[in-house]
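Let me begin by presenting the structure, written as structure tokens, before commenting on it.
The values are calculated or read from the model by the stated rules, or taken from the named source; none is laboratory data. For clarity, every value in this text was computed on a predicted model and none was experimentally measured. All Cβ positions, even for glycine, are placed from backbone atoms using ideal geometry, and neighbour counts span all protein chains on display. These area figures cover heavy atoms from the full protein model, side chains too; ligands, DNA and RNA do not enter into them. Shrake-Rupley method; radii C 1.70, N 1.55, O 1.52, S 1.80 Å.
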Amino acid sequence: MSTIISKFTDAALSEMRQNHTYRTMRLMESPEASRVLLRDTKDGTSREQVLLASNSYLDLANVPELKQAMANAVLEWGTGSGGARLTTGNKTPHVELESEIARFKGEEAAITFNTGYMANVGTISALCGKGDYVFSDELNHASIIDGIRLSRSKCLVYKHNDMADLERAILEAKDAAGKSGAEFRGMVVTDAVFSMDGDLANLPELLRIAHRHDCLLMIDEAHATGVIGKTGRGLAEHYGCGHADVTVGTLSKAVAAEGGFVAGSAKLTDFLRNKARSFIFTTAMAPAVAAAALNNLKFINAHPERVLQLRGKVNFFCESLRCEGLDVATSPSAIVPIVIGDEAKAMQVSEALQERGILIPAIRYPTVAKGQARLRASLMATHTKEELEFAAHTLAELCNTPNLVPRT
Ligand SMILES: *Cc1c(COP(=O)(O)O)cnc(C)c1O
């Protein structure tokens, strides 16, 4: 048996080991919070780390009243949903969650999926098909890319946040469609907050260009929901502009539960309920998970100061990094990239930080371009200024140490 599996696995595994892209998992021995207990895989000890790497931006995973509310939902609704949404799985918490998402996002309707990944894959492959055009930012999330592939539509990738290049791609596609005599159908799709750079899509301009050319606009607010805009509603609130036609998001980052959603018109959600295969052919999320997402979303609605608190911490951290002499712009999101350049150096700085009790992962090729290796910090509303100052100071010190010796 082992020899048969080897034919499928061994070449790829050894290649990954050779080019340093082989991945292992960290082990956390405490819940997601601004400080965590991390197991050191090298010496088997555990130590506390300031966690500057979480997507739980508002630090809601451990709020006592929210934990209690989820526990109550388990007692009321049991451990699993028992069926797909379209068979027996659709329970009151699922429906209430969808209404709350629609309200929160200021849309007519919403539909939930089990993950954000499934929301993207299901939505794009349902809306677009063979002969359609999808215009995709070059830095879009893998789930968007997979959705486009699954849809079998023609994908035109435009340069990151480059609106002139997007319009060029649209004109090119319209031209090609015109020549073939087919009706042109196109969709522009983009991350709202780009996950490795923390920068924002230009929603007002995207709306203008997409609609000028009769294209649908879809944005993925995974890192934007609960973070961007004064009350965390996302890019439309931030820019004070209209909404995209299709807004995707996740309930697993700032909302600190699990699941994905699509918000938009009732026609859109009605269509997806009937056409999105990742919605139809899977068991509904556990009702207690839907209830947790609902409670957490209501909490964000009731505590907009938490979103402002996060914004304050991001500003403070970026300012602290600059005070230490690092060239870092103030991030508009909760993601702060500190570009180091050299791959090995970025890894060494990240390891040395961890030895000092600060967890900031290094991100390198192929996730980002060669020579653009970076530390990717992400902040929580509850980080203390002391923690952030300590991290900024230690980071600068390590960046300026010429020969960091990697631990053996
Ligand atoms: C995290 C993320 C997703 C996936 O969401 P999950 O709920 O974790 O599956 C999709 N799109 C973007 C841009 C993301 O950052």
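Annotations
- Neighbours by Cβ (under 8 Å, 6+ apart or cross-chain): first from the stretch 62-73, closer than 21 Å to residue 382 by Cα; second among the acidic types (Asp, Glu) and open to solvent by 30 Å² or more (accessible area, probe 1.4 Å): 62/32
- Check on residue 168, open to solvent by 50 Å² or more (accessible area, probe 1.4 Å), over 27 Å from residue 256 (Cα atoms) and in contact with a Lys or Arg (Cβ under 6 Å, 6 or more places away or on another chain): no
- Taking residues in the stretch 16-34 that are assigned to a loop (DSSP other than H, G, I, E, B), and partners anywhere that are open to solvent by 80 Å² or more (accessible area, probe 1.4 Å), the pairs with Cβ atoms closer than 7 Å and at least 6 places apart or on different chains are 21/366; 29/39.
- Test: residue 331 is outside the structural domain of residue 199 (by TED's automatic domain parsing) and either closer than 19 Å to residue 231 by Cα or modelled with pLDDT under 95 (or both): yes
- If the condition is being away from the ligand (no atom under 16 Å from the Cβ) and either in a loop (DSSP other than H, G, I, E, B) or not hydrophobic (A, V, I, L, M, F, W, C) (or both), then the stretch 203-224 contributes 204, 205, 208, 211, 212, 213, 214, 215.
Conditions tested, residue by residue: (1) assigned by TED's automatic domain parsing to the domain that holds residue 163; (2) of a type in the set (Val, Ile, Thr); (3) over 22 Å from the mean Cα position of the chain (by Cα).
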residue: 185; (1), (2), (3): yes, no, yes
residue: 194; (1), (2), (3): yes, no, no
residue: 209; (1), (2), (3): yes, yes, yes
residue: 235; (1), (2), (3): yes, no, no
residue: 247; (1), (2), (3): yes, yes, no
residue: 259; (1), (2), (3): yes, no, no
residue: 270; (1), (2), (3): yes, no, yes
residue: 281; (1), (2), (3): yes, no, yes
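Yes or no, residue by residue, for (1) more than 30 Å from residue 251 (Cβ to Cβ); (2) among the β-branched types (Val, Ile, Thr); (3) in contact with a Phe, Trp or Tyr (Cβ under 9 Å, 6 or more places away or on another chain):
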{"position": "294", "(1), (2), (3)": "no, no, no"}
{"position": "306", "(1), (2), (3)": "no, no, yes"}
{"position": "316", "(1), (2), (3)": "no, no, no"}
{"position": "346", "(1), (2), (3)": "yes, no, no"}
{"position": "351", "(1), (2), (3)": "yes, no, no"}
{"position": "361", "(1), (2), (3)": "no, no, no"}
{"position": "368", "(1), (2), (3)": "no, yes, no"}
{"position": "379", "(1), (2), (3)": "no, no, yes"}
{"position": "386", "(1), (2), (3)": "yes, no, no"}
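- Looking at the stretch 225-342, the helices (runs of 4 or more DSSP H) lying wholly inside it that each contain 3 or more residues that are more than 30 Å from residue 399 (Cα to Cα) and open to solvent by 30 Å² or more (accessible area, probe 1.4 Å) sit at 235-239, 266-275, 287-302, 304-323.
- All positions within the stretch 246-257 that are more than 7 Å from the ligand (Cβ to nearest atom) and either farther than 12 Å from residue 119 by Cα or free of Cβ contacts under 8 Å to residues at least 60 places away in the same chain (or both): 254, 255, 256, 257
- Condition check for residue 98: of a type in the set (Asp, Glu) and surrounded by 15 or more Cβ atoms within 10 Å (Cβ to Cβ): yes
For (1) open to solvent by 20 Å² or more (accessible area, probe 1.4 Å); (2) at pLDDT 95 or above; (3) under 30 Å from residue 338 (Cβ atoms), each residue gets a yes or a no:
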site: 176; (1), (2), (3): yes, no, no
site: 182; (1), (2), (3): yes, no, no
site: 185; (1), (2), (3): yes, yes, no
site: 191; (1), (2), (3): no, yes, yes
site: 194; (1), (2), (3): no, yes, yes
site: 203; (1), (2), (3): no, yes, yes
site: 206; (1), (2), (3): no, yes, yes
site: 211; (1), (2), (3): yes, yes, no
